[in-house]
């Protein structure tokens, strides 16, 4: 009997892990998705706890426990770990992110941009949203949209489904032969009982606190962030802080920005000057500060072969421009050709179009023909998207159908004289 005792203890020790492995796992309270590019799951809530697993962006996770702003989740492999709730995405947020990416693929590029340092790409135009991608230093991405977003504190997420409402319990009173008489109604509480309970020092402190809170809320309401929607070479799209980007237009053109920020740029053709190849450029710029529109000026630069430098061929300031700016062939109409008899009508030229607004009025898309080295107005029509920064249906790529030309009558004598004098001034005085 004594010889069998150690053997029985050994079997008991071997059987304990098998019994533990049969323990049922905790039920799932809800589902979430990993927000960052790499989500670290820790064994416990403190940051010093060891990492037990990692999840990639978009991986589905099961929520099994919730403590304030921390969530315990389970991966597809069955590993459980803790993370913060703001690093998780709900199924709706994942669907919205996929929709933004699909829309961004249809939007025309407004120019290439780069960064001087590592830049995080966010799922939403919000500082507290997860960063699921990074732009490396010197990497070029397409800028496709722009939005002005108010700066607001992080809000708790509702990743868990609401708890079902339970019916209130009805307490049955024991039957008694004699019921006690009803209690008399309680006297009403004074409406200003809070004020009556406070001391003068507490009243002064409360007034000062209310003023400071109102001032902080007013300042917070004025704070906004300028965000740009970018698309990398792999087709992934996300939001970045606009001021962390710089447009990758050549320096010999960017030097004429005069302190304004370049928001988009396009090549209108190239010309060979000796062994150099130079481009004619269109750019849009905006003055300092956050603006609800995308640009307030656009300008066309041409390369002067005689002087070997860039010169302004056309400029328009003090406007409210909205993306997208389109580079497209423009058919110069006969009505517009009357203002410039030397220009043949009915011929397609390289050109561009801009969407302009004026406060609450309807936006119009104005098209211009680039008849090197002159820029001519070629007509207008309502913008294809009068509101919102991401139209569901947009022009794909840089090429787009030609816009219908203006149907106005022939210009007046004053207009023809003004146009002719302007052309001569640009030709003689280079302005």
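Assorted remarks:
- Residues that are assigned to a strand (DSSP E or B), surrounded by 10 or more Cβ atoms within 10 Å (Cβ to Cβ) and without any contact (Cβ under 8 Å) to a residue 60 or more places away in the chain occur in the stretch 253-261; there is at least one.
- Between 229, 159, the distinction of being within 30 Å of residue 33 (Cβ to Cβ), in a loop (DSSP other than H, G, I, E, B), modelled with pLDDT of 80 or more and in contact with a helix residue (DSSP H, G or I) (Cβ under 8 Å, 6 or more places away or on another chain) belongs to 159 only.
- From the list 78, 58, the one residue that fits, being closer than 30 Å to residue 145 by Cα and assigned to a loop (DSSP other than H, G, I, E, B), is 58.
The values are calculated or read from the model by the stated rules, or taken from the named source; none is laboratory data. Worth saying up front: this structure is predicted, and the values here are computed from it rather than measured. We place every Cβ from the backbone using ideal geometry, glycine too, and count neighbours over all the protein chains shown.
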